[in-house]
Amino acid sequence: MRFYTVLINSEEKVAASLDGKTLYVLDEFKDMNALIAAGGVQAIPKDARKVNAETVKLLSPIPRPQQDVLCLGINYTAHAEEAERFSKESFGGERPYPIFFSKRVCYSQGTDAPIPAYTGLVDSLDYECELGVVIGKDAKNVKREDVQDYIFGYTIVNDVSARNLQTRHKQWYFGKSLDGFTPMGPCIVSADEFAFPPKQMIACRVNGEVRQDSSTGNLITGIVDIIAMLSEGMTLKAGTVIATGTPAGVGMGMKPPTFLKPGDVVECEIEGIGVLRNCVEE
Ligand code: MG
């Protein structure tokens, strides 16, 4: 099942769909967090209103995450190499354990909404296409063999990053948390639609040019380890989004580094979920 947050007559509604074309409005849930807390729906309710996906505005599936989005840094081998080449001080060194950090998200925009450019503050705007894992129920001390039971579904996160802020402050929080730096979407696909852990094609295009092309099967620290490790020390509340890291091919890894500019169109795609498309504000 695919779950959407959509705008209908200026009201945010959640909707379910089997094909991504016809959406069925789920009026009984006030938002996606309520739908997740209820465990989603297994079938389309018979009396649900039908709308065409092309005639409504798709928002981020979780426009206002209840807490920061949790993130993995340097979680694909080839991306580790390109990041270290860009800044050995910021991205180099031994990493026996995964890098965890978070993104503050006041409001996550959906597909087709702009990414702010912050001209004057940001001189190195970059994209990171990532598989987002959505936690389905409060998770604490989850055993590795039980991790799958705690996953509601998957989405696409663009972990937009200001490289100059990320390296200047020697801490990633600010450079990844500017307003508009967490586009998500176009929907959440329920976990039962994928093998576990999912091994899906993940790609990113800028103005149609393929920049990232990998598989979510290539994570250095996989979903089982991420959730087992984090939940050993913190409760992962239902509705938490974990951005699992980005493959090689970001702008800072290009030779020479090439960053986003106003008007650029970034398309993040994960097989089985769809395309998250955002244009950098002019
Ligand atoms: Mg990232």
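The values are calculated or read from the model by the stated rules, or taken from the named source; none is laboratory data. Predicted, not measured: the structure shown is a model, and the values here were computed from it. Here the Cβ is made from the backbone with ideal geometry for all residues, glycine too, and neighbour counts use every protein chain on show. In case anyone asks, the SASA skips ligands and DNA or RNA and just uses the protein heavy atoms, side chains included. Shrake-Rupley method; radii C 1.70, N 1.55, O 1.52, S 1.80 Å.
Computed values, structure above
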item	result
Mean-position separation - Cα centroids, the stretch 10-74 and the stretch 75-100, in angstrom	35
Net lengthening on full extension, His169/Ala195 (0.36 nm per residue, minus Cα-Cα)	5.4 nm
Cα-centre dipole for the stretch 149-261 with unit charges at Cβ (Lys and Arg positive, Asp and Glu negative), debye to 20	680
Enclosed volume per residue, in Å³, of the convex hull spanned by Cα atoms of the stretch 37-174	163
Above-threshold pairs, the threshold being 32 Å between Cα atoms, out of Lys140/Lys199; Lys57/Lys255; Lys13/Lys255; Lys21/Lys140	Lys57/Lys255; Lys13/Lys255; Lys21/Lys140
Residue-normalised accessible area of the chain, given per residue in Å² at a 1.4 Å probe	44
Carbon/sulfur fraction of accessible area - the chain, other protein chains in place, 1.4 Å, %	49
Alpha-carbon Rg with Dmax, taken over the chain, Å	18.0, 58
Links that overshoot a 18 Å alpha carbon limit, given the list Lys170/Lys237; Lys88/Lys170; Lys103/Lys237	Lys170/Lys237
Calculated FRET value between Asp123 and Ala43, using beta carbons and R₀ = 51 Å, to 0.05	0.50
Long-range amide H partners of Ile8 with built H, under 5 Å	Lys13
Segment Ile8-Lys143, length gained on full extension (0.36 nm per residue, minus Cα span)	44.5 nm
